[in-house]
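Enquirer: After the structure tokens below, expect a handful of questions from me.
The values are calculated or read from the model by the stated rules, or taken from the named source; none is laboratory data. Everything numeric in this text was worked out from a predicted model, so none of it was measured. Heads up, the Cβs are rebuilt from the backbone with ideal geometry, glycines too, and the neighbour counts pull from every protein chain shown. Protein only, heavy atoms only, side chains kept; ligands, DNA and RNA dropped before computing areas. Shrake-Rupley method; radii C 1.70, N 1.55, O 1.52, S 1.80 Å.
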Amino acid sequence: MRLGRDFSVDDRAVSPKVAIVNETIARKYFAGQNPIGKHVGLGGIPDMEIVGIMGDTKYRALREAIPNTLYLPMDQAQFAGSERTLHIRTRQILETWFRRSECKYGRSTATCR
């Protein structure tokens, strides 16, 4: 995170829509300005407040140009109608994390404890 804040538990489907943009978007559309607090739109979400700036990242090939990248909280991404990728940083064993997540979001037929 270069500037601003990460997503929080308060960024829910019913909350005001928020986004984190990469440095490429910040330079391209907000040159010389602080993008935090500005608004952007994407597909089905016309008005999202920028709450953070993430460093640029290459995804598929090292020689490719850095794409414009917009990050949305999982609870709000359903409104965008776009590709979704889940990035996980945890100190837990991933199997444990996935089981708890599936139970929380009702996507599991396994026994939830």
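Enquirer: Check Thr111 against each of (1) among the β-branched types (Val, Ile, Thr); (2) open to solvent by 70 Å² or more (accessible area, probe 1.4 Å); (3) at pLDDT 80 or above and name the one condition it does not meet.
Expert: The single condition Thr111 does not satisfy is (3).
Enquirer: A further question on this structure: Failed condition for Met54, given (1) in contact (Cβ under 8 Å) with a residue 40 or more places away in the chain; (2) touching a Phe, Trp or Tyr at 6+ places or on another chain (Cβ under 6 Å), with all others met?
Expert: (2)
Enquirer: Follow-up question, since we're still on this one. Considering only residues that are of a type in the set (Phe, Trp, Tyr) and part of a loop (DSSP other than H, G, I, E, B), look in segment 1-52 and name the one that is farthest from Asp75 (Cα to Cα).
Expert: For segment 1-52, the residue satisfying everything is Phe30.
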